[in-house]
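Written out below as structure tokens is the structure these notes cover.
The values are calculated or read from the model by the stated rules, or taken from the named source; none is laboratory data. Computed from a predicted model, the values in this text were never measured in an experiment. Note that each Cβ is placed from the backbone with ideal geometry, even for glycine, and that neighbours are counted across all protein chains shown. The protein model used for the area step is the full one, side chains on, heavy atoms only, and it has no ligands, DNA or RNA in it. Shrake-Rupley method; radii C 1.70, N 1.55, O 1.52, S 1.80 Å.
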Amino acid sequence: MQKFRIASLVSFFVILTGHTAWCQLPVKVSSPDERIAVEVGLQDQKPVYSIQLNDVLFMEDSPLGLKTSIGDFSEGLSYAAQGTSVIKETYDLKKAKVSHVEYQANELIVKFVNANQDTLAVQFRVSNSDVAFAYKLTAKERNTKVKILEEATGFNLPDDATSFITPQALPMTGWEQTKPSYEEEYTFDEALGTQSQYGVGYTFPALFKNAEKGWLLISETNVDGSYPGARLGESDKNGLFPIAFPQEGENNGLGDAFAAMAMPAQTPWRTITLGKTLKPIVETTASFDLVEQRYEASQDYTMGRATWSWIVWQDNSINYEDQVKFIDLAEALNFEYVLIDNWWDANIGREKMEELVAYANSKNVDVVLWYNSNGFWNNAPQTPQDCMNTAYKRQQEMAWLQEIGVKGLKIDFFGGDKQVTMQLYEDILNDANDYGLAITFHGCTLPRGWEIMYPNYVTSEAVRASENLIFTQYALDKHAYYSTILPFTRNPVGAMDFAPVFLNKRLSRDQKGGTVRKTTDAFELATAVLYFSPIQHFGLTPNNLDEQPEFVLDFLRAVPTVWDETVYVGGEPGDYAAIARRKGDTWYLAVTNGEQEKKTLELDLPMFKNAEATFIYDAKDKTAAQKTVKVKSSGKLKIDVLGEGGALLISK
């Protein structure tokens, strides 16, 4: 993906000399529309920043800096220089929630020096919805390497802010010691200073409500094999969350928890999206605005929809005959893919897999195969394993996959954010591109700008995903509630492989046992649009072809998985979610009700103004019904949804 600079940078640097009256700290930079303002300064020789939105404080004085093997760049610093630039870039995306971005931001770089005259440059970029910052470290004398031992970076939220964040899990815990894997539950409107569930902080992204003043979403992007993935540490009683590096025990102790880098050292970007409502958070492109593509795509990778036997039929379905049924289901629904999950090497075998891939291709369906990432970092027994963690084994396996026509891999059970693990993600993606393989990660970290950085990257789980709906009734009972959490937290920063749309009343093969679904059919269909993933792995089963009306099947045959535009329409965590997405000339509005009581929502839909649209809604018996509606010239439309129900509006 090429980013095009469409305006010359207007840049200047002020270097501290003997005459400094007009360039003293603090210094400020504002968004192009001047609604967001960032102030950077020194307090007792410690660098700090603060953020205001519409003259309201959203981030109190918060620390900056690095602690490294060549010195401490968090205190004892002096101001050295400042520079500003105007950034204007335009770029296109092939597999995201939008297809075209025009990015404008004002940039401020403030340089500080320590007693050795080594330099810490703090680079801020401020757009009309996002603040991003990163560090660049340079040494006065020749120095080729550095260890970033920890960061002093912090986020000091206003005292009356509340959190919607998910706790970091302890290493080597959970099923077969596979955690952490970003699959914990979220806090809800929790007071700052409350200890996290496991006492080790929270994962990105992190959503906060600034009382009634607005919202903030904190995350990071541009993380690759040169740096670990970070998280928020425990907040103090004043609401200060520090940046924390991975825990020592992650990935069974493999690798260091700090960053080892070449000099000059450049850190990832930390991003803060701000808004009076959740609109800027849903629509943000901050994860993409600040990154560059790492290598060229070996081919034009196809996104789309996939059937997946394992999610409802589980391990016993991983056999040749059942996979034929799900290939046939994919063909009947015009889906692009079938995902064949764990144990395929044992239950189907490699020779029969070649036949199965050929059969799928004869039906115009491509195959995605599951792999265990494992070398030795957990006890997950599923095979194939020990194929993806070593370069020569990985390349041999990928050459065979390319030869038989497999188009993608789902790789599971990583369990950590250390730099060595980030290097493994990057190595897998890089090798897979050489063999024309698209990659989905599960049991994994948050994607951090990877949709652009790696052209064959598709999606990541990094969420308490739909497998839990099958595992426990508790998770299924919270299904509707979480549909009002994830669109405002996890999904805004990157592709989320939740794996939506379940139409069985009980989530089992025979529908006589298993967990009982309380959501309506229209709710389930709405999640195909509400949740964004460039390849959607659906929870459908062959019996749905006979049980559902043709208009439901027609919707599934047509629903896109990548979009040209995404618009926040309404909703908040715990209440409801309403998001509109456009593909070409067609708009899709998805609505879900997170509560058990029915709702009447009056929505402002300018994209549907004066238009007829197909309306899929809740019938009284919780099945889906369909009719045509006309949206008024005002663009206003009232929509009734049952408790734990939903709706879809599709322009004609």
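Quick notes
- As for the stretch 313-320, it holds at least one residue that is within 29 Å of Ile470 (Cα to Cα), of a type in the set (A, V, I, L, M) and in contact (Cβ under 8 Å) with a residue 12 or more places away in the chain.
- Meeting the requirement of 2 or more residues that are within 18 Å of Phe441 (Cα to Cα) and open to solvent by less than 50 Å² (accessible area, probe 1.4 Å), the helices (runs of 4 or more DSSP H) wholly within the stretch 287-390 are 310-313.
- When residues of the stretch 391-420 are limited to those that are assigned to a helix (DSSP H, G or I) and in contact with a strand residue (DSSP E or B) (Cβ under 9 Å, 6 or more places away or on another chain), the one surrounded by the fewest Cβ atoms within 10 Å (Cβ to Cβ): Ile404
- Filter result for Asp497 (open to solvent by 10 Å² or more (accessible area, probe 1.4 Å) and modelled with pLDDT of 95 or more): no
- Lone unmet requirement of (1) crowded, with 21+ Cβ neighbours inside 10 Å; (2) touching a residue at least 60 places away in the same chain (Cβ under 8 Å) for Asp575: (1)
- Candidate set from the stretch 155-181 (those that are out of contact with any Gly (no Cβ under 7 Å at 6 or more places or on another chain) and farther than 28 Å from Val131 by Cβ); member that is least open to solvent (accessible area, probe 1.4 Å): Ala169
- Residues that are surrounded by 15 or more Cβ atoms within 10 Å (Cβ to Cβ) and among the polar types (S, T, N, Q) were ranked within the stretch 182-196; the one that is nearest to the chain's Cα centre (by Cα) is Thr187.
- In this entry, Thr307 is excluded by the filter for residues that are in contact with a Pro (Cβ under 6 Å, 6 or more places away or on another chain) and of a type outside the set (Phe, Trp, Tyr).
- Number of the condition not met by Pro32 [criteria: (1) outside any strand (DSSP E or B); (2) touching a Gly at 6+ places or on another chain (Cβ under 8 Å)]: (2)
- The set of residues in the stretch 119-129 that are in contact (Cβ under 8 Å) with a residue 40 or more places away in the chain, touching a Ser or Thr at 6+ places or on another chain (Cβ under 7 Å) and more than 14 Å from Leu108 (Cβ to Cβ) comprises Asn128, Ser129.
- Test: residue in the stretch 240-257 that is in a strand (DSSP E or B), among the aromatic types (Phe, Trp, Tyr) and open to solvent by less than 10 Å² (accessible area, probe 1.4 Å): yes
- Subset of the stretch 321-349 (residues that are free of Cβ contacts under 8 Å to residues at least 24 places away in the same chain and out of contact with any helix residue (DSSP H, G or I) (no Cβ under 7 Å at 6 or more places or on another chain)): Glu321, Gly349
- For the stretch 185-235, a tally of residues being hydrophobic (A, V, I, L, M, F, W, C) and assigned to a loop (DSSP other than H, G, I, E, B) returns 7.
- Candidate set: the stretch 488-532, residues that are in contact with a Phe, Trp or Tyr (Cβ under 6 Å, 6 or more places away or on another chain) and aromatic (Phe, Trp, Tyr); chosen: the one farthest from Ile650 (Cα to Cα): Phe498
- Filter result (within 20 Å of Glu467 (Cβ to Cβ), touching a strand residue (DSSP E or B) at 6+ places or on another chain (Cβ under 9 Å) and either open to solvent by 30 Å² or more (accessible area, probe 1.4 Å) or among the charged types (D, E, K, R) (or both)) within the stretch 508-541: Gly514, Val516, Arg517, Glu524
- Every test in (1) in contact with a helix residue (DSSP H, G or I) (Cβ under 9 Å, 6 or more places away or on another chain); (2) closer than 23 Å to Thr203 by Cα; (3) surrounded by 24 or more Cβ atoms within 10 Å (Cβ to Cβ) is passed by Arg490 save one, and that test is (1).
- Filter pass, Phe551 being of a type in the set (Phe, Trp, Tyr), assigned to a helix (DSSP H, G or I) and under 21 Å from Ala96 (Cα atoms): no
- Residue within the stretch 317-324 that is of a type in the set (S, T, N, Q) and touching a strand residue (DSSP E or B) at 6+ places or on another chain (Cβ under 6 Å) present: yes
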